[in-house]
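A quick write-up on the structure given underneath.
The values are calculated or read from the model by the stated rules, or taken from the named source; none is laboratory data. Here the structure is a predicted model, which means the values were calculated and not measured. With ideal geometry, Cβ positions are generated from the backbone for all residues, glycine too; neighbour counts draw on all protein chains shown.
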Amino acid sequence: MTRRLIPPLLALLLLPAATGAQEVLRTDRTEPGHLRPLFRAYEPPPPGHQPRLRRTESRAVYKLPDGLKGLATLDRTLSHLCQRGAFLQQIDGLYWAATPDYRYGVAFSGGANLIDPQNRRQPGKAYFFRNQDSRCSVWIGDQAKLMPHYIGG
């Protein structure tokens, strides 16, 4: 008895799928742009466009065998501004200082590698950055005092 019921039951189950497969949606009234991908990660440049590439390499500017001790002091105000994104290195680690414990990013008061929209920089100072994110801390050092440790070219 069960063998006789399977083929008609199977036909009833497959009937809706077969009727849907025959139905084709017309696309003559749709906009052709809907066929493009939703997101393109890379858009090729327009024809004849020559990209201007700027090559930058990080460079050690200070070698501090005893760290920042006696050469720079932690500035809580600038550290707070750095954490908020208001006092930063233009390129994180473009200039850096080598110490036994950490590698600090460096920016200079003349504007080299420094973003300072509130104009908090002081003449003759070097700024040392550690963890340029929500944990950022900024130290200020006098460039004249740091000059014996300068190794930049």
Could you grab me the full set of residues in segment 98-115 that are within 22 Å of the chain's Cα centre (by Cα) and crowded, with 17+ Cβ neighbours inside 10 Å?
Tyr104, Gly105, Val106, Ala107, Asn113, Leu114
When the residues of segment 116-153 are narrowed to those that are surrounded by fewer than 19 Cβ atoms within 10 Å (Cβ to Cβ) and of a type in the set (Gly, Ala, Ser), which ends up modelled with the lowest pLDDT?
Gly153
Return only the number of the condition from (1) surrounded by fewer than 19 Cβ atoms within 10 Å (Cβ to Cβ); (2) touching a Phe, Trp or Tyr at 6+ places or on another chain (Cβ under 9 Å) that Gln83 does not satisfy.
(2)
